[in-house]
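One structure is given here, and the rest of the page talks about it.
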Amino acid sequence: MNETRWLNEDEQRMWRRYRDVNQLLELAIERQLQRDAGMSQSDYAVLVSLSEAEGMGLRARQLGAELGWDRSRVSHQVRRMEGRGLVSKGTCAEDGRGTVVSLTEAGAEAIGRVAPMHVEKVRELFIDVVTDEEVGQLTAIYERIIDRIGTVDGITLPG
């Protein structure tokens, strides 16, 4: 049996600080989106994916893959957003199967209005706190961690 490799004091502090930063950033971004746009991070994620897609639409399956969501979550999220007029659903024109989720005019207007505020909040809370050199260092660290997760657990990011 393998012996547990407990974290030392510095490693434990780093791990807990990472978890704290992640949690606090998520909360701050969620609050900002709710306050400034009346939307959730899930709403924002869907709007970003659709606004960046060719023709501002994606098959529901592809949208789920891009966001790392299961079919049920995509379905519920799209239904809520469709009810608010941000997205619409249609049948895939290529083969008549599958659902295509598209950005509506209201959805395009919403992402156009919210994206600058969101980027400013990300910059204020995260980007502006680190130097250009640290941006490069953190990016390299995050990429190594992402690669390790893919290698060890077989979990990869979409795209």
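From the list Thr131, Thr139, Thr104, Thr156, the lone residue that is among the β-branched types (Val, Ile, Thr) and closer than 30 Å to Gly38 by Cβ is Thr104. The residue list Gly150, Gly107 contains one member that is more than 30 Å from Lys89 (Cβ to Cβ), open to solvent by less than 70 Å² (accessible area, probe 1.4 Å), among the small types (Gly, Ala, Ser) and assigned to a helix (DSSP H, G or I), which is Gly150. Picking from residues in the stretch 67-104 that are part of a strand (DSSP E or B) and either touching a helix residue (DSSP H, G or I) at 6+ places or on another chain (Cβ under 7 Å) or over 18 Å from Ala53 (Cβ atoms) (or both), the one that is most open to solvent (accessible area, probe 1.4 Å) is Lys89.
Using the structure shown, decide if Glu30 is part of a helix (DSSP H, G or I) and under 29 Å from Arg61 (Cα atoms). It is true that Glu30 is part of a helix (DSSP H, G or I) and under 29 Å from Arg61 (Cα atoms).
Where the second residue is assigned to a helix (DSSP H, G or I) and not acidic (Asp, Glu) and the first is on the phi < 0 side of the Ramachandran plot and lies in the stretch 1-16, which pairs have Cβ atoms under 9 Å and are six or more apart or on separate chains? These pairs meet every condition: Trp6/Gln12; Leu7/Arg13; Leu7/Met14; Leu7/Trp15.
Of the residues Tyr44, Tyr18, which single one is assigned to a helix (DSSP H, G or I), within 28 Å of Leu125 (Cα to Cα) and either open to solvent by 80 Å² or more (accessible area, probe 1.4 Å) or among the basic types (Lys, Arg) (or both)?
On the way: Tyr44 fails: either open to solvent by 80 Å² or more (accessible area, probe 1.4 Å) or among the basic types (Lys, Arg) (or both).
Residue meeting the stated conditions: Tyr18.
Every condition in (1) at pLDDT 95 or above; (2) buried (at least 16 other Cβ atoms within 10 Å of the Cβ); (3) more than 30 Å from Trp15 (Cβ to Cβ); (4) out of contact with any Lys or Arg (no Cβ under 9 Å at 6 or more places or on another chain) is met by Pro116 except one, and the failing one is (2). Which condition number in (1) over 13 Å from Val114 (Cα atoms); (2) at pLDDT 95 or above; (3) open to solvent by less than 50 Å² (accessible area, probe 1.4 Å) is the one that Gly57 fails? Of (1) over 13 Å from Val114 (Cα atoms); (2) at pLDDT 95 or above; (3) open to solvent by less than 50 Å² (accessible area, probe 1.4 Å), only one is false for Gly57: (2).
The values are calculated or read from the model by the stated rules, or taken from the named source; none is laboratory data. The model shown is predicted, which means the values in this text are computed figures rather than measured ones. Glycine also receives a Cβ, built like all others from the backbone with ideal geometry; neighbour counts cover every protein chain displayed. Surface areas here come from the heavy atoms of the whole protein model, side chains and all, with no ligands, DNA or RNA. Shrake-Rupley method; radii C 1.70, N 1.55, O 1.52, S 1.80 Å.
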